[in-house]
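A quick write-up on the structure given underneath.
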Amino acid sequence: MQIPVTAIFDIGKTNKKFFLFDDDLKEVHQEYMQLNLIEDDDGEPCEDLESLIKWMRSTLMRALKSRDYNIKQLNFSGYGASMVHLDSAGKPVTPLYNYLNPYPKSLQQQFSEKYGEMEQNDLETASPSLGMLNSGMQLYWLKYSKPKFFHRIKHSLHFPQFLSYLFTGELVSEPTSIGCHTKLWDFRHNHYHQWIIQEGLDRLLPKIVPTVHHYYAQLNGQSIKTGVGVHDSSAALVPYIIRSTEPFILISTGTWSITLNPFTTEPLSMEELKKDCLTYLSINSKPVKAARLFIGNEMEYQMKVLNDIYHKDPEYYQSVSLNEDFIAKVASGAISNRFFPKTIKNPLLLKVLDPNSWDPNSFNSYEEAYHHLVWGLVTLQRESLQLVNGNSPIKNVYMDGGFIHNDLFNKMLQYQLPDYSFNISSVPMGSAYGAALVITNEAGKSGLAPNKN
């Protein structure tokens, strides 16, 4: 007998995942895939969109034909700061440009001359100026740097909504993707910012529907209730809002560590924006104070360096136990933390670390170097957490994602923030689980979001 299930594609920058959840939202099946990057038209690395589409379609078709499962619902979680631009035939016009690509300084200057100081725009859109990490600025870049592409664009979809479009054919926008540091949304007036309208970019953006909106896709002769997709960080927040009885902060770790406070009422300050603090939109279109830290990427980079220097296996770090003597000495100031990151750039966060201290070759052992690395990353995470907490009394913190398996990281974080209660999450596959809660209407039942279907 087939088990009725909800299917979720959770598409991250590194891992592409497919899950099946039963009616109790327990995971019954999972698949992982990693795709090699290709080059865009500028020679920069980017997502292989064609291969991703093929994998998603073949994976879902195989699941639909399964004798073990009966797919009733389908939804998507995907990374933000990325858009797929479609022509009049519904085909991608451009590569899926990497949000880490450099942004032309001349265009940034052109924008400032036309619309005034970027700092005011940052405040109004609750988005630090991050170049390609601002989806709206990607559209501006296309308009003025690649007019041949731009003039062919009929619709621009945020990446999670493109994933849904592949199976429904429906062109929509939704709040969580619009609100993730895009520079598209005017948080004061709750609509697209005036500069988007003046540039005529709003005509490319499809109608906005609630995150809980759904369609019925006809797939393999079946009618499947299909969601419109959710920005992954916002999806990761959903399970905690549903189950928590008191205010909390969530640290969702991975390539990025995203620290989220859905209970703040304080408007962003300019100082917070400069520290890479911003505002997201939740699935019920409410502001969520957030701070981002490129901590997973930094860890991956530094681990490769340490493994090469000390001739260790990539998984060796898992066997390193906490040295209590190190904690005591670095906390007392008897020794200085000697880590400084390579890939994290925010100067206002990095002021807590010494830029001249990090030389991976200077340590007596891998273990010593690794302790300094993790203590430094924890110091940055502490700053990020305190940034989103602001003046609120919240001390309850949930953590999910890859770093929950790093014992040193967790113990050092608790040591640096003894007044906080850290709860290592038991919520499975945070973003995927959140997307499943949205499409099964558990979010709507809890009052988190209105279901308008």
(message) Any residue that is within 12 Å of residue 432 (Cα to Cα), in contact with a Lys or Arg (Cβ under 9 Å, 6 or more places away or on another chain) and either assigned by TED's automatic domain parsing to the domain that holds residue 100 or part of a strand (DSSP E or B) (or both) - is there at least one of those in the range 32-48?
(response) no
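Confirm whether residue 268 is assigned to a loop (DSSP other than H, G, I, E, B), crowded, with 20+ Cβ neighbours inside 10 Å and touching a residue at least 24 places away in the same chain (Cβ under 8 Å).
Yes; evaluated as a whole, the condition is true for this residue.
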(message) For the range 364-375, check the following and say yes or no: at least one residue is under 19 Å from the mean Cα position of the chain (by Cα) and either touching a residue at least 60 places away in the same chain (Cβ under 8 Å) or in the same structural domain as residue 304 (by TED's automatic domain parsing) (or both).
(response) no
(request) Go through the range 99-129 and give me each residue that's closer than 28 Å to residue 14 by Cα and surrounded by fewer than 18 Cβ atoms within 10 Å (Cβ to Cβ). (result) 100, 101, 102, 104
(request) Taking the residues in the range 1-39 that are in contact (Cβ under 8 Å) with a residue 60 or more places away in the chain and acidic (Asp, Glu) as candidates, determine which candidate is surrounded by the fewest Cβ atoms within 10 Å (Cβ to Cβ). (result) 27
(request) Go through (1) of a type in the set (S, T, N, Q); (2) surrounded by fewer than 17 Cβ atoms within 10 Å (Cβ to Cβ); (3) under 27 Å from the mean Cα position of the chain (by Cα); (4) part of a helix (DSSP H, G or I) one by one and return the number of the condition residue 361 breaks. (result) (3)
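State yes or no: is residue 82 touching a Gly at 6+ places or on another chain (Cβ under 9 Å), crowded, with 17+ Cβ neighbours inside 10 Å and of a type in the set (S, T, N, Q)?
Working: touching a Gly at 6+ places or on another chain (Cβ under 9 Å): no; crowded, with 17+ Cβ neighbours inside 10 Å: yes; of a type in the set (S, T, N, Q): yes.
For residue 82, the condition - touching a Gly at 6+ places or on another chain (Cβ under 9 Å), crowded, with 17+ Cβ neighbours inside 10 Å and of a type in the set (S, T, N, Q) - is not met.
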(message) I'm trying to understand the selection: among the residues of the range 143-198, which are farther than 14 Å from residue 287 by Cα, part of a helix (DSSP H, G or I) and of a type in the set (Ser, Thr, Tyr)?
(response) 144, 145, 164, 165, 168
(request) For the range 237-257, state whether one or more residues are part of a loop (DSSP other than H, G, I, E, B), in the same structural domain as residue 119 (by TED's automatic domain parsing), within 23 Å of the chain's Cα centre (by Cα) and farther than 21 Å from residue 86 by Cα. (result) no
(request) State yes or no: is residue 327 closer than 24 Å to residue 405 by Cβ, assigned by TED's automatic domain parsing to the domain that holds residue 410, over 30 Å from the mean Cα position of the chain (by Cα) and in contact (Cβ under 8 Å) with a residue 60 or more places away in the chain? (result) yes
(message) Here are the criteria: (1) modelled with pLDDT of 95 or more; (2) in contact with a Cys (Cβ under 9 Å, 6 or more places away or on another chain). Tell me which single one residue 93 does not satisfy.
(response) (2)
(request) State all residues of the range 163-191 that are surrounded by 24 or more Cβ atoms within 10 Å (Cβ to Cβ) and of a type in the set (Phe, Trp, Tyr); if no residue qualifies, say none. (result) 185
(request) Give the range 396-416 a look and list any residue that's modelled with pLDDT of 95 or more and within 19 Å of residue 241 (Cα to Cα), or say none. (result) 396, 397
(message) Take the residues in the range 1-30 that are among the hydrophobic types (A, V, I, L, M, F, W, C) and in a loop (DSSP other than H, G, I, E, B); name whichever of them is farthest from residue 402 (Cα to Cα).
(response) 1
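Here is a yes/no grid of residues against (1) modelled with pLDDT under 95; (2) farther than 30 Å from residue 124 by Cα; (3) not in a helix (DSSP H, G or I):
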{"site": "280", "(1), (2), (3)": "yes, no, yes"}
{"site": "304", "(1), (2), (3)": "no, yes, no"}
{"site": "309", "(1), (2), (3)": "no, yes, no"}
{"site": "312", "(1), (2), (3)": "no, yes, yes"}
{"site": "345", "(1), (2), (3)": "yes, no, yes"}
{"site": "373", "(1), (2), (3)": "no, yes, no"}
{"site": "380", "(1), (2), (3)": "no, no, no"}
{"site": "387", "(1), (2), (3)": "yes, no, no"}
{"site": "393", "(1), (2), (3)": "yes, no, yes"}
(message) Looking at the range 151-171 only, could you name the residues that are of a type in the set (Val, Ile, Thr) and more than 19 Å from residue 94 (Cα to Cα)?
(response) 168
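The values are calculated or read from the model by the stated rules, or taken from the named source; none is laboratory data. In this text the structure is predicted, and so the values were computed from the model without any measurement. Quick reminder, even Gly has a Cβ in these numbers, built from the backbone with ideal geometry, and neighbours come from all protein chains shown.
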